[in-house]
Amino acid sequence: MRKRADELKEKVRTQLGTCEDIVGTMNLVGAIQHLGIEHLFKQEIDNTLRDIRTSEFTSSSLHEVALWFRLLREHGLWVSPDVFGKFDGDDARLSSVIADHDTRGLLSLYNAAHLLVHGEPELEEAISIARHHLESMTRDCDLNPVLANQVNRALNIALPRTCKRLETSLFISEYEQEEGWWRDLYTYVGLNYARDRAVESYLWSCLVFYEKDLFFTRTFVAKMILLVTLMDDTFDSHATIQECRQLNSAIQRWDESAVTLLPEYLKKFYRELLRNFKVLQDQVTDNDKYRVTYTRKEFQKLSTYYLQEAEWSHQRHKPSFGDQITLTAMSSVIPLLCVSGTVGMGYVTKETFEWVASRTTGIVASEKLDVS
């Protein structure tokens, strides 16, 4: 099976390297993307699209131009939205011939236009017009069933905004392993008030870190989400304010002896928290153990933020809008996910962890987006 897979991959590489037709090459790249195997041919696709970007490309097909635009922008190669100007009618809006009859072209335009940046009103208008006509077509036209399904999916979530990989069959065996880990932990610690988020935690991790070689990162991040869920639900919905303070004190000390600070029902959780971090640290190389340490520090910060939220609730304090947004953003787990998501990636430098831990503008913006 492995030999057959390698042979097929070589055939695809050969096709990418020898195809002289730009449209055929773009369709091949698009098919590879839809199959969820783009990561296997990353270098070849990057080289191919750079060649396409520097080649002369003209087409009277809206579908082909939109595909060209989408593929290049998705891979960080800038192209101007002016390429769609040729399809405008006399009123500077989309030609009625295209709007009424070219379903595939409209679908491709709709998806491509979602790669707009600030200051591109023509693409905003393209999204609006294309959506209007596509919705009409789904109601009034007898579309090919395959195309109809593609249109309906795009109208729900445009292609550039969908998760790269919704098909998780390659990782079922991994999920089964992590499901067993969670069941053992959830049953042992006995925090029955906490949400059971095993499926969504691992699915989120699998969708973000879908590459085959990121097995450890996927499982590490999923476990972090589940451990945070146990802590968050304890602070939010179960513990008294005194128990919240005790839990935070123990987490800040991060030592087995601190278990004496805790009420009986939290002792198992605390011991398992420390044990799981130690297991994770033992799974990385000596040179990378500092990465788990950074993750622990972010976990400790989260505990402090959760305690502050609990203190405000206990005191019936009504913070200003700015204070509320600031604290809610800091407790959004974005820094923890950023740090834990780089554990297991050998090419990430220590400076990257320092950058994330310093809550730079990019991290703060991500936190606020998560809050909204």
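Key figures
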| read-out | value |
| --- | --- |
| Peptide ranges 258-270, 201-213, 118-130 listed from the most packed, as the mean C-beta count within 10 angstrom indicates | 201-213, 258-270, 118-130 |
| Pairs beyond 20 Å (Cα-Cα), from 223/301; 223/278; 212/297; 212/289; 42/212; 223/289 | 212/297; 212/289 |
| Burial order of peptide ranges 306-315, 319-328 (average beta-carbon count within 10 Å, highest first) | 306-315, 319-328 |
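A short reminder: the numbers here are calculations on the coordinates, not readings from a lab. Bear in mind that the values here come from a model prediction, so they are computed numbers and not experimental data. Heads up, the Cβs are rebuilt from the backbone with ideal geometry, glycines too, and the neighbour counts pull from every protein chain shown.
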